[in-house]
Amino acid sequence: MRKKVIAANWKMNGTLEQANSLLDAFAAAPLNVNENKIAVFAVPAPYLMLAKEKLSGNPYLQVAAQNCYSKKSGAYTGEISVEILKSIGINYVVLGHSERREYFGESNAFLAEKVNISLEYGITPIFCCGEPLEIREAETQNAFVAKQLEESLFHLSAEEISKIIIAYEPIWAIGTGKTASNEQAQEMHLSIRAVLAAKYGDVANEIPILYGGSVKASSAVALFAEPDVDGGLVGGASLVADEFIKIINA
Ligand code: 13P
């Protein structure tokens, strides 16, 4: 059975005071998580250890970095390595978010290197893919996303790819309040799974595929009921404790 995953992406938001109060709320809330259904919190790097500490009482609440660099260590001022992440007990990293691709020029090939080093250190990549509006309007989104997966992931073995979590985030739905319909999400998730299955066979059924883009508590239940939607990657709504608790429990 593939895991259900609800991931929070705080992006570059929240002061220390706000981080403390959000993490305290999540640590104290009754959350419907277990070995098959986990929640992951991608917090800004300065709060990684704090988040680890605050959420340590529940093994199904995990902490993720929002990015990492492609090298093990060295003279790369300002970057964070997977070696550093592993040494503080981080087991997940978000890679290839559309904001990294757009504002920091991260290419599919560069992301392939980050995927490799993450897996080498036993850190699970939450690998983001998704199309911009003009691609959706041209109705070429399936091929666009397939190319992202092929160029960043398809050099992996079946065993390696079985350790990845994929997050489909249509760029036009991120932070816009305009969510993909449940049907659009399911259609793309099925297409992603078919692309994975064509290359890797049955392993495709083990890979969680999350949806991201304006997920709210009010939309989560129906969205997560779609057969190939295995959870969500949530931005804005993950910064509101009550809202995100409802999304986890959906
Ligand atoms: P929003 O939920 O704010 O649309 O952000 C989605 C996202 O980019 C999560 O990574």
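For the chain, what is the mean residue ellipticity at 222 nm derived from helices alone (per DSSP H run of n ≥ 4: -39500 (n - 2.57); sum divided by total residues; nearest 500 deg cm²/dmol)?
Details: 11 runs with 104 residues, N = 250.
Per the formula, -12000 deg cm²/dmol.
The label-point distance for residue 20 and residue 58, in a model that sets each label 7 Å from Cα toward Cβ, rounds to 2.1 nm.
Highest mean first, the peptides 136-144, 21-29, 61-69, 41-49 sorted by other C-beta atoms within 10 Å per residue fall in the order 61-69, 41-49, 21-29, 136-144.
If you plug the beta carbon distance of residue 199 and residue 27 into 1/(1 + (r/R0)^6) with R0 = 41 Å, you get a FRET efficiency near 0.55.
Given +1 at the Cβ of Lys and Arg, -1 at the Cβ of Asp and Glu and no other charges, the dipole of region 114-250 around its Cα centre is 240 debye to the nearest 20. Peptides 121-129, 242-250 ranked from most to least packed give 121-129, 242-250, packing being the mean of other C-beta atoms within 10 angstrom over each peptide's residues.
Each of residue 218 and residue 157 was given a label point 7 Å from its Cα along the Cα-to-Cβ line. The distance between the two points is 4.9 nm.
Mind ranking 173-179, 183-189 by how tightly packed they are, going by the mean number of other C-beta atoms within 10 angstrom, highest first? Show your work: numbers first, answer last.
Values: 173-179: 15.6, 183-189: 18.6.
The densest-packed peptide leads the list: 183-189, 173-179.
Counting only protein heavy atoms and a probe of 1.4 Å, the accessible surface of the chain is 53% carbon and sulfur. Sequence-ordered 3J(HN,Hα) estimates for region 120-136 from the Karplus curve with 6.51, -1.76 and 1.60 and θ = phi - 60° stand at 4, 9, x, 9, 7, x, 9, 8, 8, 9, x, 9, x, 4, 5, 6, 4 Hz, glycine and proline given as x. Please report the base-10 log of the normalised intensity I(q)/I(0) for the chain, using a Debye sum with one equal scatterer per alpha carbon and no solvent, at each q in 0.10, 0.17 (1/Å). Treating every Cα as an identical point scatterer, log10 I(q)/I(0) equals -0.43, -1.37. Across the options 162, 219, 186, the greatest Cα extent toward the positive end of the charge dipole of region 104-229 (unit charges at beta carbon of Lys, Arg, Asp, Glu) belongs to 219.
Accessible surface area normalised per residue over the chain is 44 Å², counting heavy atoms of protein chains with a 1.4 Å rolling probe.
Using a probe of 1.4 Å on the protein chains alone, the accessible area found for residue 190 is around 90 Å².
Based on Cβ point charges of +1 for Lys and Arg and -1 for Asp and Glu, what charge dipole magnitude is obtained for region 86-183 about its Cα centre, in debye rounded to the nearest 20?
Values: 8 positive and 15 negative charges, 66 e Å.
Here the size comes out at about 320 debye.
A full extension of the chain between residue 134 and residue 77 corresponds to an added length of 17.0 nm, given 0.36 nm per residue minus the alpha carbon distance.
The values are calculated or read from the model by the stated rules, or taken from the named source; none is laboratory data. Here the structure is a predicted model, which means the values were calculated and not measured. Cβ sites come from the backbone with ideal geometry, for glycine too, and all protein chains shown count toward neighbours. The protein model used for the area step is the full one, side chains on, heavy atoms only, and it has no ligands, DNA or RNA in it. Shrake-Rupley method; radii C 1.70, N 1.55, O 1.52, S 1.80 Å.
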